[in-house]
Amino acid sequence: MKQIRIHGRGGQGVVTAAELIAIAAFSDGKQAQAFPSFGVERTGAPIESFARIDNKPIKIREHVYKPDVIIVQDPSLLNTVDITKGAGEKTLIIINTAKNKNELKLNLRKENVYAIDATKIALEIIGKNIVNTVILGAFARVTNLISLDGLKKAIAQKFEGKGRDVVNKNIEAVTKAYNMLIRE
């Protein structure tokens, strides 16, 4: 079983990102879970959401304490939240940042860190600073836990009520992120 923890701020689509991972995994024929962790926080407050992916039924029902993958949607959290808590030697981390991964001060092996300027892609293609879908393109590429095709299907399913233009822009953005981030 692979466990994913997503960090962001309230209103940034952190919960939606976990849901999209689960939908994409289901589309790829896998088992998945997605769930948030927040209380009375409000827009802008740090929050987490979680996802699990496996080839067999997932019976565990608790927070992700030892993530295999950490996704950070908001780089300002690097200075305020211990985003590496529970990370192991093999934990991968995908960060939305304009910085090079070598500029980031993290207690993780640099070969496990992937930096992508998801904000730039979101503004360029979607026209808004909404990076939750964009960073999932990088997640699909780096981890191979979900396919790009599965992610596109998840976006179409989740956003179908928002109109074809929203679906198309999000698919274009995840595809660009997927193609930009080559496994190192």
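Assuming a strict under-26 Å limit between Cα atoms, what lysine pair count do you get for the range 53-124 once near-sequence pairs (fewer than 8 apart, same chain) are dropped? Eligible lysine pairs with Cα atoms under 26 Å apart amount to 24. Placing unit charges on the Cβ atoms of the charged side chains and taking the dipole of the range 2-180 about its Cα centre, the candidate lying farthest along the positive direction among 142, 14, 129 is 142.
Using a ≥ b ≥ c from the Cα gyration tensor of the chain (square roots of the eigenvalues), is it rounded, prolate or oblate, where a/c under 1.5 gives rounded and otherwise the larger of a/b and b/c decides, a/b for prolate?
Details: a/c = 1.27, a/b = 1.09, b/c = 1.17.
Rounded.
Suppose every Lys and Arg Cβ carries +1 and every Asp and Glu Cβ carries -1, with no other charges. What dipole size does the chain come out with about its Cα centre, to the nearest 20 debye?
Values: 28 positive and 19 negative charges, 37 e Å.
Value, rounded to 20: 180 debye.
Less than 13 Å Cβ to Cβ from residue 128, Lys/Arg counted +1 and Asp/Glu -1: what total charge do the surrounding residues give? Display every interim value, and only then the final one.
Working: positive: 120, 162, 169; negative: 124, 165.
Neighbour charge sum, excluding residue 128 itself: +1.
Ordering 58, 94, 104 by the projection of their Cα atoms onto the charge dipole of the chain, which places +1 on the Cβ of Lys and Arg and -1 on the Cβ of Asp and Glu, puts 58 at the extreme positive end.
Have a look at 58, 47, 23 and tell me which one the Gaussian network model of the chain (Cα, springs below 10 Å) gives the largest fluctuation. Between 58, 47, 23, it is 58 that shows the largest mean-square fluctuation.
When both the range 105-180 and the range 19-98 are represented by their alpha-carbon centers, they are found 15 Å apart.
Bear in mind that the values in this text are calculations on the coordinates, not laboratory data. Being a predicted model, the structure only gives us computed values, none of them experimental. Ideal geometry is used to build each Cβ from the backbone, glycine not excepted, and the neighbour counts take in all protein chains shown.
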